[in-house]
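Accompanying notes for the structure given below.
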Amino acid sequence: MRNTFRVFLAACWLLVSVGAVHAEAPASEEPIVVRGATSLGDEVIPYKFYGDVRDLPLVSPWEFGDGFEINPRRSLGHLGEPWAPQVLDPLVEKQRAYTPRGGGPSITEVHNFEGIDGGNLFPPDPSGDIGKNYYITAINASTFSIYDKVTGNLVAGPTAMDSLGSGVCAAGRGDPIIVYDQFAERWIMSEFEFGNSGLCVYVSMTDDPVSGGWCEYQFVPSRFPDYFKIGIWTDAYTVSANYASAGQPPPVYALDRENMMSCGTARPLQEIAGPFLSGLGFQAFTPADIDGSTLPPAGTPSLHMRHRDTELGNQGPSLPTEDILELWELDVDWDTPANTTFTKLPDIITTEFDSNLCPPIGVFSCIPQPGTSNRLDPLLEVIMYRLTYRNFGAYESILGVLQTDVGDFADHSGERWFEVRRSGGGAWALHQEGTYSPDADHRFMGAITQDGSGNVLLAYTVSSGTTSPSVRYTGREAGDPMGVMTLPEQTLVAGTGNFFGSRWGDYSQMGIDPEDDCTFWFVVEHTEGTNNNTQRIGAVRFDSCGGPAIFLDSFEAGDLLAWSNVIVD
């Protein structure tokens, strides 16, 4: 009876408070629909690699004095002038005022080990994902390694990604992305290709990435696929890219998942673009990537998102206390590309965020390190990878993170995280949001997702004039007060020294173990000695994951917080 009464009170509070926590654009807003994709190239017959990755040549580790490898620098991030007075982010005050009541979340560290040394890479671009038995990670240029999931031991690599191919992708060089398709039990590794402006994609023949074989596909978009990112969806592998350096609208691509996951001949890549935001010289529609074992409702188009600081450049009317998340649907017609559509859903209104870090030219040189004048790039123009989607049955959820200027002093980077939800096929709406910046250090290059019980983990790089670039994380359990991270910040690894340049990241990545749907695996960059950077791979899980899921996180005010720790006998 005691527990039933608590759940009853929780439900009552949820009903009366729901209007305060959901925000969406006016119903009268007209959707923007881009019609007709371009089908590029011919069908792609894959090259099949039947060997063992352990037999491939190794990439020699970088040693100081070997020189540096600098990949193309993306275009200038901001094209506008400084546009708004500095004010304190209202969400960071809420986070800093939060005092945990009771025990708070409990978390167990499963793995903590070094990945690939990226000492000479500028930027290092760490990527990685977790499968049934292995964790695969990659860095720029594009070198990958395979680790045993249970022991954390290196199984194969570091090896060049294009060594799996026929030579057609021999100019493959960077922006690597690793994703695991848990529904097909296949690995996808990818890199861009210099020369042909190609996109090279390697799909495992089986769940075994070591000796199970690989298939190589080369696609050629209309322009160089800068900063591409991949999402797993039901009807396609969806890809975003940045064309802003050429003054072109940002594209999304659809790759033929149906045939690629069985190493069959792939239909031509489809390309379609959304409108250009004139305030940014770098922009992309980050694709949603599915977590968990439940697919989206049948017929749901793939989802893509970007954020819009309305005071930046010419991005529509200025909203002095609000900003916007744009959510788009890509509906692919594989038989008739002219019927493919890219549709903007109603704007999702958020609390004001500030993308005006180090304006305008200093965006590449912003975040300080100790002992050097070299400042790091926070990469504030896009929603960070991965944008994660999960279907909980009663509702669907999308979780993301972006960088914002906290506003307590000039150019202070913090993590703005958000969750949007919909239920019953209704409209997507903001469910909760927060800004994580507990002190004067800068937090950036965030990666975020949630486990099968709805617990959230956020990992990132931390740096300042007194803190070397380090890896830390925080989180919250599903029933915790809305809009705050309740797990005290944890250090995965403390950095030493500093990085020789400014291009940091340009991303981190986090995934969920598909076997237990509880263990978070993530890779984030940190420093190890002066003029060096390296990957740190972590795996942690909330001790509460796997128990009964009671989602009562609308509790956040007054004495009702005492009821948020619902006990189920």
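The values are calculated or read from the model by the stated rules, or taken from the named source; none is laboratory data. Note that this is a predicted model, so its numbers are computed, not measured. Because the Cβ atoms are built from the backbone with ideal geometry, glycine has one as well, and the counts that use them run over all protein chains shown. Note: areas computed on protein heavy atoms with side chains; ligands, DNA, RNA excluded. Shrake-Rupley method; radii C 1.70, N 1.55, O 1.52, S 1.80 Å.
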Kirkwood radius from Cα pairs of region 398-442 plugged into Stokes-Einstein at 10 °C, 1.306 mPa s, gives D in µm²/s equal to 134
Cross-link reach from K132 to lysines, straight Cα distance under 29 Å and at least 8 residues apart if same chain, gives K48, K149, K229
With region 298-417 reduced to its Cα atoms and the Debye formula applied, log10 I(q)/I(0) at q = 0.15 1/Å amounts to -0.81
Using alpha carbon positions and the Kirkwood radius, the Rg to Rh ratio of region 414-522 is 1.01
In Å³ per residue, the alpha-carbon convex hull of region 79-212 encloses 212
Extend 7 Å from the Cα of F276 along its Cα-to-C-beta direction; within region 221-248, residues with backbone N under 11 Å of that point are 243-248
Sequence order, region 135-140: Karplus ³J(HN,Hα) from phi using 6.51 cos²θ - 1.76 cosθ + 1.60, θ = phi - 60°, Hz rounded, Gly and Pro as x, gives 10, 10, 10, 8, 10, 4
Taking r as the C-beta separation of F194 and D42 and R0 as 22 Å, the FRET efficiency to the nearest 0.05 is 0.55
Region 330-377: spread of alpha-carbon positions along the three principal axes, whole Å, largest first, is 58, 28, 17
Rg from C-alpha atoms of region 216-328, normalised by the globular rule of thumb 2.2 N^0.38 Å, equals 1.19
When every protein chain stays in place and a 1.4 Å probe is rolled, E419, E322, E433 sorted by accessible area with the largest first are E322, E433, E419
For K48 the rounded accessible area (nearest 10 Å², probe 1.4 Å, non-protein molecules ignored) is 90
